[in-house]
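Beneath this line is the structure, given in structure tokens, with notes to follow.
Read the figures in this text as sums done on the coordinates, not as results from a lab. Keep in mind that this is a model prediction, so the values were computed, not measured. Because the Cβ atoms are built from the backbone with ideal geometry, glycine has one as well, and the counts that use them run over all protein chains shown.
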Ligand code: PEP
Ligand code: MN
């Protein structure tokens, strides 16, 4: 940590800050400039609340110089994490992963039709919610375990891996035999009890960025899972809430290269929830691949307009097929495969 004192800070104030840092177990290195004193602190600063030091008299700024997350940091695995799935697919490697499916599993027929389309397009992952986090308690809440069973069957028939959202700890056990990857939704990114429990699971976790979460908060949430010994975490940019209202959320494309630099974990993008409208999903899907995303999560449905949830952002199957064709060309241009 670096503490920059104000120009007029007194020796007494500087000493008080040094004492507070030392009390916190930090080694202090002082530089006294012509106008300003800088205190560099080395030690266990990850666990410290730095704003506490900012409140001390005479302090101008406090900066953290080492990341507060350790296991999620790039330095821990500089070569990057590649996650293997039982169907042979990977995430984080050369190949861009295509995870596609409906917002919600609605019926056996619906999920079977979609699974076949995903396979034919070359995708390896089938997504679909069986437990749905809906803004209104009166909206469709998902089919639950029977929905997941239908999805498992459709995925097996087409060699796909299953990705589905878990909303609470009690759902983990019944979901375990049916999914290949647990999705933690944006609304649950800071459900720390759930994250800790998923740290005990030995299946990959797709962790979505919260609607108002910073990149650092996303990485700290991943740390809850990693610190339990589950090292297979996928980070997902799905749009954040900003003052802009022309799209459902604001797709933070910049978060993709930022996360790739800061972390070794695979980074995917979800242009469907970011944009909220199907006419703009393909453009953002392509932008994400160009920006270095390791995969895309896309909502598709044979009768997209009539999907029971997220209809406006859901692609028709032919639109999805066209998009994957375009992505294939793009992936090659940026040194990836699809
Ligand atoms: C979803 O994937 O259908 C979903 C609810 O996503 P998010 O948590 O990003 O809103
Ligand atoms: Mn959805």
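Quick notes
- Between the helical axis of 145-157 and the longest alpha-carbon principal axis of the chain there is an angle of about 70 degrees.
- The chain: angle of helix 108-121 to the longest principal axis, Cα-based, in degrees nearest 10: 70
- Against the rule of thumb 2.2 N^0.38 Å, how large the Cα Rg of the stretch 26-156 comes out: 1.80
- Taking the stretch 187-338 and dividing mean pair separation by its residue count, relative contact order in percent (alpha carbons under 8 Å, at least six apart): 16
- Inter-part distance where the stretch 223-275 and the stretch 177-210 are each reduced to a Cα centre, Å: 14
- Here the contact order of the stretch 2-63, divided by its residue count and restricted to Cα pairs under 8 Å and six or more residues apart, works out to 48 percent.
- Least to most buried among 301, 61 (fewest other Cβ within 10 Å first): 61, 301
- You can think of it this way: the chain between residue 38 and residue 318 has 94.8 nm of extra reach, that is 0.36 nm per residue less the Cα-Cα gap.
- Note on the chain: helix-only mean residue ellipticity at 222 nm, from DSSP H runs of 4+ residues weighted -39500 (n - 2.57) and normalised by residue number, equals -9500 deg cm²/dmol.
- Percent of beta bridges antiparallel (DSSP, the chain, rounded to nearest 5): 40
- In this calculation the C-beta distance from residue 120 to residue 82 is compared with R0 = 25 Å, giving a FRET efficiency of 0.50.
- Here is the tail figure for the stretch 259-338: Cα pairs spaced more than 16 Å apart come to 50 percent of all pairs.
- Note on residue 6 and residue 202: the model spin-label points, each 7 Å out from Cα along the C-beta direction, lie 5.7 nm apart.
- For the pair residue 140 and residue 15 in one chain, pulling the backbone fully straight at 0.36 nm per residue adds 38.9 nm over the alpha carbon distance.
- Between 0 and 90 degrees, the angle of helix 11-23 with respect to the longest Cα principal axis of the chain falls at about 50 degrees.
- For the stretch 83-333, the square roots a ≥ b ≥ c of the C-alpha gyration tensor eigenvalues yield an a/c under 1.5, which makes the shape rounded.
- Going by neighbour counts of Cβ atoms within 10 Å, the residues 243, 231, 224 line up, fewest first, as 243, 231, 224.
- Prolate/oblate/rounded label for the stretch 126-252 (Cα gyration tensor, a/c 1.5): oblate
- Ranked list, fewest to most other Cβ atoms within 10 Å of each Cβ, for 248, 277, 124: 277, 248, 124
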